[in-house]
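In what follows, a structure is listed as structure tokens, so that the remarks can point back to it.
What follows is calculated from the coordinates using simple rules that are stated; it is not laboratory data. Bear in mind that the values here come from a model prediction, so they are computed numbers and not experimental data.
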Amino acid sequence: MSAAPPGTIVRECVEGYLYSAPPLRLWIFRRTAARGGGWTPITGKVEPTDADYRAALVREVREETGLSVSGRIVPLDWQVPFDAPNGEGTWRLHAFAVETPRGWTPTLSAEHDASELVTPEVAVGRLFYPDNREAVQRVVERLVPLLPPGSTRAPQVFREVGPELFAAIRADRPRRLALQVPAGLVRNAHDLAAEIRTATGVEVFLAGRACFGACDGPLPDEVPGADAAVVLGHAPIPNMVPTVPSYFVEMRHPGGDPVRLAEIVRAAGLPRRLGIVASIQHLDLVEPLQRALAAVGLEARVGSGDRRLAYASQALGCNYTGAESIREAVDAFLFLGTGQFHPIGLAYATDRPVHALDPLRATLEPPIDRGALVRRRQLLVASLRDATRWGILVSTFAGQNRTATALALQNRARRRGWEAEILTFSRIDPRDLEGRAFDAYVNTACPRIALDDSALYPKPLLTPPEFLMALGELPLEPYRFDTYH
Ligand code: SF4
């Protein structure tokens with residue numbers, strides 16, 4: 001019998017995330033040392049005697065935990081191809097959430113030597129495989145609408161470091177707090193740590209790694225023993241489960257004169273129909289600016305984003321769905337904030353003129369030249385169509401982890417006869433890619449890495465949609481921005 005062509009699925013498997021609710025808790029299982037010793041959900045192969053995936057799942061759960069499933073089985077619509085452990089081709093996982101009765105405890109099979117019922121945050125911090133951690137996000141997302149209100153802990157959000165934050169921390173009584181700040185706030189971070197420590201009596205460790213977003217909060221091994229985190233400068237990402245319960249302090253900025261800003265926009269002769277998108281610090285300015293723009297005869301709209309955005313007019317560098325929702329109704333966008341990263345992403349994502357309006361300096365930038373940006377990316381893609389050795393970059397940060405996407409891309413590359421290896425990191429550092437024999441990389445982590453920082457890297461970097469263009473599975477035009485949902 002000849003071996004299956006690369007990328008061909010030769011075996012189907014199932015994966016069960018056993019849960020109990022309310023409150024929502026997940027069962028995780030530790031494999032025996034002989035099987036690697038990592039924490040996992042229930043997994044197993046689909047046998048020829050199984051009628052379908054559900055039947056295989058029910059059988060595996062019974063064999064590995066003793067449970068006769070009688071509760072809900074929720075498909076996660078999560079299919080993950082992976083290299084077979086025996087080296088024979090590609091296997092594929094189909095994942096489900098499986099309800100367990102309250103008070104039930106597993107009877108372990110010979111495959112596991114321990115089990116624990118844990119919060120989703122602990123599961124994300126503890127599960128061994130990155131795709132398992134990613135799947136927990138989907139478990140929570142699928143289950144929350146089905147469960148009674150209050151089954152999961154809503155993220156705690158504060159405008160500033162102050163009495164409300166201190167009261168919440170005192171009420172929760174964490175043993176140790178990790179304080180993480182973005183690069184722009186590191187200068188005073190030690191003062192903030194001291195302030196929180198004094199006001200709450202809780203031990204505070206300063207996470208040494210600055211964060212770029214809510215997506216890359218502290219990992220359990222970065223601040224050992226921390227059972228909660230304070231993350232400054234970001235709003236929570238609603239469909240992301242952080243690795244520890246987190247207090248998000250948005251650091252909203254009260255500045256910016258809406259009347260003066262509206263006059264600047266009017267004087268610049270921008271189109272009458274405008275969309276507004278803002279960074280988190282300037283969200284409070286959106287409504288006053290809309291009114292001021294209306295007073296000078298301009299119509300300013302705010303869209304409504306998807307499950308990754310906490311606020312309607314918010315933008316993330318990886319998600320402009322709020323702006324995309326009003327794209328057809330506007331002729332240009334205003335971005336309230338500083339820097340070029342978000343306006344450029346907005347231009348990529350919406351194909352509309354984008355003007356950056358800095359509320360504090362009261363400056364309005366000329367529109368981003370999207371055509372030039374897109375042509376540069378398309379030329380890069382075209383130059384890599386003959387590249388055959390690819391590294392696929394995955395970040396294990398809770399809000400950047402796209403292991404399933406990476407595995408799917410690897411599978412597609414192999415079907416094409418290309419080599420493709422997955423490289424995992426927490427923070428991706430260009431120095432870690434030096435000296436590797438790849439022709440190019442695909443970046444599944446923050447889009448900033450491929451679109452903004454690529455000059456720092458030793459080899460070209462594509463986004464996942466660009467990689468599909470290189471494979472010939474997507475056309476170069478229209479150009480597709482890399483969006484996280
Ligand atoms: S993935 Fe990048 S753009 Fe998206 S929230 Fe994280 S840091 Fe921001």
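Once you have the Cα-Cα distance between L360 and R266, take 0.36 nm times their residue separation minus that, and quote the gain in nm to one decimal.
Taking L360 through R266 to full extension adds about 32.1 nm, to one decimal.
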If you consider only alpha-carbon coordinates, what radius of gyration and Dmax does segment 303-455 have, in Å? 17.4, 53
Separation between Cα centres of segment 361-384 and segment 168-221, rounded to whole Å: 36
Using helices alone, what [θ] at 222 nm do you get for the chain, with -39,500 (n - 2.57) per DSSP H run of 4 or more residues, divided over all residues and rounded to the nearest 500? -8000 deg cm²/dmol
Over segment 368-485, what lengths in whole Å, largest first, do the semi-axes of the equivalent ellipsoid take, defined as the square roots of 5 times the eigenvalues of the alpha-carbon gyration tensor? 19, 17, 15
Three semi-axes of the equivalent ellipsoid, segment 16-73, Cα gyration tensor, whole Å, largest first: 19, 18, 8
Take the eigenvalues of the Cα gyration tensor for segment 122-194, scale each by 5, and report the square roots as semi-axes in whole Å, largest first. 29, 18, 12
From the phi angles alone, apply the Karplus equation (6.51, -1.76, 1.60; θ = phi - 60°) to segment 97-102 and give each ³J(HN,Hα) in whole Hz, x where the residue is Gly or Pro. 9, 10, 6, 10, x, 4
When a/c reaches 1.5 or more, the comparison of a/b and b/c decides; with that in mind, is the chain rounded, prolate or oblate per its Cα gyration tensor? oblate
Based on Cα positions only, what radius of gyration and what Dmax would you give for segment 258-368, in angstroms? 12.2, 36
Return the tail of the calculated pair distribution for segment 9-146, meaning the percent of Cα-Cα pairs more than 20 Å apart. 42
Out of residues 5 or more away from S246 or on other chains, whose amide H comes under 5 Å of its own, with H placed 1.01 Å from N in the peptide plane? Q156, A229
The extension gain from L379 to Q79, computed as 0.36 nm times the residue separation minus the Cα-Cα distance, is 104.8 nm
